[in-house]
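To keep things clear, I will list the structure first and then write my remarks on it.
Just so it is clear, none of the values below were taken in a lab; they were calculated from the coordinates. Being a predicted model, the structure only gives us computed values, none of them experimental. In this analysis, Cβ positions are derived from the backbone assuming ideal geometry, glycine residues included, and neighbour counts consider all displayed protein chains.
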Amino acid sequence: MNHLSKAIVRQTILSLCVSLGYFGIGLVRGFSAPAIPSIKETFPQLLPERHIETWVSSVPPLGAFFGSLVTMVLMHRMGRKISVLLAAPIWAVSWALIALSQRWEIIMAGRTLSGLAVGITLPSAQIYVSECSDPKIRGVLASFPAIAMSLGIVFAYVIGSFLPWRQQAWFACAVGILQFIVIAFLPESPVWLKSKKRIPEADVSAEWLALSGFSTAADQASAVKAYKSYSLRALCRRTVLLPLAVGLVLLMIQQLSGIDAVIFFTVEIFRASGSSINGNIATIIVGVVQLLSNFASLFVVDRFGRKPLLIVSGALMSISMTSMGFAFHLSDNGNNEYGFLPLVSLIVFMIGFSVGFGCIPFLLMGEIFPTKQRSILSSFAGSFNLLIMFIVIFTYHPLQVAISTAGTFWAYAVMCLLGVLFVISYVPETKGRDLESITQLFERKSCSRKVSAVKSAGVDNLAMTASDANLEAPVSKT
């Protein structure tokens, strides 16, 4: 009992400290919503044109795309802890640049650097927490980063409602410094230390974390198999490509739902919709709803299954985006009697997103991606997700001009509906299945039937052989 208590306390401390990185990601994602209107009011010459405003808002995911591409190399060569630690000074510098900027080029550079830190943190922090958690409590501890990200978005909304944009940036800079301090005293992942044959350090790290069942015994055969699993032939197998395709489409639908357009431009959306509710207050409400919904999703994913929740999620998002489009359509035609509609629509959208498409695509990637190729596939999928995020945020304002704001939200609604149809048609239910049986779902049905037939034939032949042996046994005795 004492060992378990020590494990819970120390592993929880590590998870909370590492989750500061995801809190920082939330600050990056939530910064634009209150900061862009604040810049326009206090320093309008900093964003002289609409396309510059769009770039300032949308460039972090582009920086994150490149950051995520190099993260796997950093994690492999330098370790999980150092990768998370490296993001902290980058964040501190990026936020300091933003806080001190007098030209849009400087704020653009700061936002790009902050995105680079996001790309480094996204995979490394999650893997760091998972490898330093006991299997009995890993599910709960691994959920801390996602909740911390939602909390960071809420904090960005809250402080942005009463602090000017420069003070918001200094607050985020302080978080980066705090992240560096607290992570510097944490142990490195014992799993990574073991892979680098730094056995004494791995033992010390595992002992501090009180990890149960951790062994530093070398397994050269596994290392050789892992190397061969990254060959072109291994990566081009059906059981690799089909799960990858499913994961990429789910991540694409996740972003094309318009989630980050909503997060990055929430205050602007409420002000432009003609809503009677204060934009900053409505933004905080939406952020709190997302935080609570993310927390609630922990208790429903394993209860109701992945596929039903994705279907419900996509349906709710499609309905809410359709409603949001009607709110702008009514406002554009001078009808402001439904000022509550934007807030209700976005609350429903956040609930729908959080219980399904917000978390399940990442969960499914951990289940449907083959174990041996999971690291490289997850890294590629994460980069793809960030690239689509950049495209969605960057195209929000051009779409408003091309098809109107109402048309933009209706386009998001259509994508959510297509997501529902894709889930119904192609996404398997993985609840309660072991990883081997999940992999078999992506094999050719003909091959599966042949394997089953061979196994059945083998069993029948074995039974017949045994029967013949029983019949012949008395004869051999006489």
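The trypsin sites (Lys or Arg not before Pro) found in the stretch 22-107 that occupy coil by DSSP, while having at most 15 further C-beta atoms within 10 Å, are ARG103.
Residue-wise HN-Hα couplings along the stretch 69-82, as the Karplus relation 6.51 cos²θ - 1.76 cosθ + 1.60 with θ = phi - 60° gives them from phi, are 5, 9, 5, 4, 5, 4, 5, 6, 8, 9, x, 5, 4, 4 Hz; Gly and Pro carry x.
About its Cα centre, the dipole of the stretch 107-205 is roughly 160 debye, where the only charges are +1 on Lys and Arg Cβ and -1 on Asp and Glu Cβ. Summing charges over neighbours of SER32, with a neighbour being any other residue whose Cβ is under 13 Å away from its Cβ, gives 0 when K and R count +1 and D and E count -1. Each principal axis of the stretch 29-89 carries a Cα extent, and these read 45, 18, 16 Å when sorted largest first. Here the Karplus curve 6.51 cos²θ - 1.76 cosθ + 1.60, taken at θ = phi - 60°, turns the phi angles of the stretch 91-101 into couplings of 4, 4, 5, 5, 6, 5, 4, 5, 5, 9, 5 Hz, with x standing for Gly and Pro.
Report the GluC sites (Glu not before Pro) located in the stretch 24-75 that are in a DSSP loop and have at most 15 other Cβ atoms inside 10 Å of their Cβ, or state none. Sparse-neighbourhood loop GluC sites (Glu not before Pro): GLU49. Taking only alpha carbon atoms, the stretch 4-43 gives an Rg to Rh ratio of 1.38, where Rh is the Kirkwood radius.
The phi torsions of the stretch 192-209, fed into the Karplus equation with coefficients 6.51, -1.76 and 1.60 and a -60° offset, translate into couplings of 5, 4, 5, 5, 8, 6, 8, 4, x, 5, 4, 5, 5, 5, 5, 5, 4, 7 Hz, rounded to whole numbers, with Gly and Pro shown as x.
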